[in-house]
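Each value in this text was obtained by applying a stated rule to the coordinates, not by laboratory testing. Because the structure is predicted, anything quoted here is derived from the model rather than measured. All Cβ positions, glycine included, derive from the backbone under ideal geometry; neighbour counts span all protein chains shown.
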Amino acid sequence: MKLYPISLEISGSTAMWTRPDTGATPISYPVPPWSAVKGLFESVSRLKNSVIIPTAVEICAPIVFHDYTTNYGGPLRKDESIRLGNAFQHKATVLINVCYRLYARIEDFKYVPKTLKEAGQLAEVNSCHYGQERFNRRLLKGQFHDTPCLGWREFVPDYIGLFRNNTKVQASINEVLPSFLYSVYDQGTGVRSPRYVQSEQGRRIEKGRLEYAE
């Protein structure tokens with residue numbers, strides 16, 4: 001079976017991969033969860049009849065945590081705060097000066113065409129090969145389906161593209177993630193169904209690399 005791998009490098013000044021178990025003052029994971037990496041790849045390209053499956057992440061900058069505070073003025077504040085026009089001060093522990101190399105593969109997806117014309121168009125192409133070529137072309141040109149972000153929407157990358165020659169994997173980083181968020185939504189139904197994996201199932205950062213084994 002022929003494989004169709006894709007990859008990208010991404011960096012930025014701030015990132016937040018929220019650990020759900022840290023509550024109202026969230027702390028970031030050192031690496032993005034599987035679902036966040038999938039979202040980053042799909043921000044570049046996505047197709048109806050193929051699916052992107054993240055496989056690994058490599059840490060290419062030292063892990064540095066930093067206190068972050070922002071003023072929230074949205075509808076989730078207490079009623080009194082909304083009435084008085086007071087903002088909620090939201091604190092978090094984020095990552096700064098991050099850089100990752102992300103890896104994934106493209107697989108066929110059982111998409112049901114809505115028209116005969118669409119069915120004919122899809123039958124004429126190798127969806128995985130086309131998806132790989134389309135992704136690489138769009139990444140090289142800096143074309144995006146959606147604005148990529150490093151966890152929270154306000155944390156946009158300062159670089160996303162092909163691997164850079166001066167980027168090095170931080171082989172000295174080794175860490176166990178006792179409980180690691182894998183995905184938030186069920187891939188088949190789209191229903192919210194958080195899934196976690198445990199360290200004994202292989203969720204370890206070894207020599208700066210984590211494998212998203214299924």
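Quick rundown of the values:
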item: On Cα atoms only, tilt of 34-44 relative to the major axis of the chain in degrees; result: 60
item: Computed log₁₀ I(q)/I(0) - Debye formula, equal Cα scatterers, no solvent, the chain, q 0.10, 0.11, 0.15, 0.18 Å⁻¹; result: -0.51, -0.61, -1.04, -1.36
item: Under 5 Å, built H, 5+ apart or other chain: amide partners of F155; result: L150
item: Karplus-derived 3J(HN,Hα), 6.51/-1.76/1.60, for each residue of region 167-183, Hz, glycine and proline x; result: 7, 10, 6, 7, 5, 7, 8, 9, 7, 9, 10, x, 9, 10, 5, 8, 8
item: Burial ordering of W17, W34, W152, fewest other beta-carbon atoms within 10 Å first; result: W152, W17, W34
item: Entries of K91/K207; K2/K38; K38/K168; K91/K168 with Cα pairs more than 26 Å apart; result: K91/K207; K91/K168
item: Computed [θ] at 222 nm, deg cm²/dmol, the chain (DSSP H ≥ 4; -39,500 (n - 2.57); rounded to nearest 500); result: -5500 deg cm²/dmol
item: Residue-wise HN-Hα coupling along region 129-135, computed from phi with Karplus coefficients 6.51, -1.76, 1.60 (Hz; x: Gly, Pro); result: 5, 5, x, 5, 5, 5, 4
item: Sequence-distant residues sharing a close amide H with F109 (under 5 Å, placed H); result: S50, V51
item: Cubic angstrom per residue, convex hull over Cα atoms of region 1-75; result: 161
item: J(HN,Hα) series, region 93-106, from Karplus relation 6.51 cos²θ - 1.76 cosθ + 1.60, nearest Hz, glycine and proline x; result: 10, 10, 9, 10, 6, 9, 7, 9, 10, 10, 10, 7, 9, 10
